[in-house]
Amino acid sequence: MSFDRHLSRRSFLSFSALTAASALTGCASSANTVTSGDTSIIYRSPMRLFQSPAASSVPSGPELAVMYGPVEDGGFLIPAVPYEQIDPRYYRQRVVDPTGQPPGTIVVDTPSRFLYLVQGDGMAMRYGVGIGREGFAWQGSGVIQWRQKWPRWKPPNEMVARQPELVKYSIDNGGMEPGLKNPLGARALYIFSNGEDTLYRLHGNPDWRSIGKAVSSGCVRLLNQDIIDLYDRVPTKAPIVVWQ
């Protein structure tokens, strides 16, 4: 284990895990809803502890054209991503694992806008993500309780109350049909903590411009091509840690 990784893990674990109500949302960029749920909150030092080492396998142009090209999936044609307009650090790539977490763990490094899937060889798959605006970001630990392809989006009642135009997509009305314009995109991974739904998701994203930014209402959004890749690698009950 490297010194940097050891320092990150030791510093992170030195803080107490507390139980508190988290700020939760409907996973859409236009929302301002906050819903409560029990989570195991983990506080980090104000110091930047989680530093990402240089990528070990940076994809080349031809690889990127395949990775982020058009994809036909579930009866939908996902358009190609103009990856040239995205910061290269947010491309999907294998890197030396900086998290110190056990293999199979998902780690979201919110400040860096990275999601890691820890692998068993000292490496990790790293994905660029968009994250929630300040005040809507959840932090803590949990498990991927449920996974779904082309999910329906059901904005919480609090969101519908503030945005009446969403009533046609409400829980009572069955939500928004799956599709390219659905805020949850091609896949959704549902995070539970202490046996309760946090209402916090890892999900696909129809807007590539949000990657690397804090624009959503709390959930972690990936490119549709990346969430499909992550979905195929992550089983139900996989552990997840979200660091702020």
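The values are calculated or read from the model by the stated rules, or taken from the named source; none is laboratory data. Here the structure is a predicted model, which means the values were calculated and not measured. Cβ sites come from the backbone with ideal geometry, for glycine too, and all protein chains shown count toward neighbours. Ligands, DNA and RNA are excluded from the accessible area calculation, which covers all protein heavy atoms including side chains. Shrake-Rupley method; radii C 1.70, N 1.55, O 1.52, S 1.80 Å.
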Members of region 83-119 that are touching a strand residue (DSSP E or B) at 6+ places or on another chain (Cβ under 6 Å) and closer than 16 Å to Asp232 by Cα: Arg92, Gln93, Arg94, Pro103, Thr105, Ile106, Leu115, Tyr116, Leu117, Val118
Residue count for region 82-97, restricted to those that are acidic (Asp, Glu) and either farther than 18 Å from Asp207 by Cα or free of Cβ contacts under 8 Å to residues at least 24 places away in the same chain (or both): 2
Filter result for Asp232 (in contact (Cβ under 8 Å) with a residue 24 or more places away in the chain and of a type in the set (D, E, K, R)): no
Identity of the residue in region 188-206, in contact with a Pro (Cβ under 8 Å, 6 or more places away or on another chain) and open to solvent by 10 Å² or more (accessible area, probe 1.4 Å), that ends up farthest from Asn157 (Cα to Cα): Pro206
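Which of the strands (runs of 3 or more DSSP E) found entirely inside region 72-116 contain at least 3 residues meeting this: open to solvent by less than 30 Å² (accessible area, probe 1.4 Å) and modelled with pLDDT of 95 or more?
Answer list for region 72-116: 106-109.
So that you can scan it fast, the table gives a plain yes or no per residue for (1) among the hydroxyl-bearing types (Ser, Thr, Tyr); (2) at pLDDT 90 or above; (3) surrounded by fewer than 16 Cβ atoms within 10 Å (Cβ to Cβ); (4) touching a strand residue (DSSP E or B) at 6+ places or on another chain (Cβ under 6 Å):
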position	(1), (2), (3), (4)
Leu166	no, yes, no, no
Tyr169	yes, yes, no, yes
Trp208	no, yes, no, no
Ile211	no, yes, no, yes
Val242	no, yes, no, yes
Condition check for Leu184: open to solvent by less than 30 Å² (accessible area, probe 1.4 Å) and either among the hydroxyl-bearing types (Ser, Thr, Tyr) or out of contact with any Gly (no Cβ under 7 Å at 6 or more places or on another chain) (or both): no
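Matching residues to (1) farther than 21 Å from Tyr116 by Cβ; (2) among the aromatic types (Phe, Trp, Tyr); (3) touching a residue at least 40 places away in the same chain (Cβ under 8 Å):
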residue	(1), (2), (3)
Gln148	yes, no, yes
Met176	yes, no, no
Leu180	yes, no, yes
Tyr200	no, yes, yes
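Hey, can you tell me all the residues within region 183-212 that are in a strand (DSSP E or B), of a type in the set (Val, Ile, Thr) and under 20 Å from Arg89 (Cα atoms)?
none
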Selection from region 213-240 of residues that are at pLDDT 95 or above, surrounded by 24 or more Cβ atoms within 10 Å (Cβ to Cβ) and assigned to a loop (DSSP other than H, G, I, E, B): Leu222, Leu223
Qualifying positions in region 136-156 - open to solvent by 50 Å² or more (accessible area, probe 1.4 Å) and either in a loop (DSSP other than H, G, I, E, B) or out of contact with any strand residue (DSSP E or B) (no Cβ under 9 Å at 6 or more places or on another chain) (or both): Arg152, Lys154
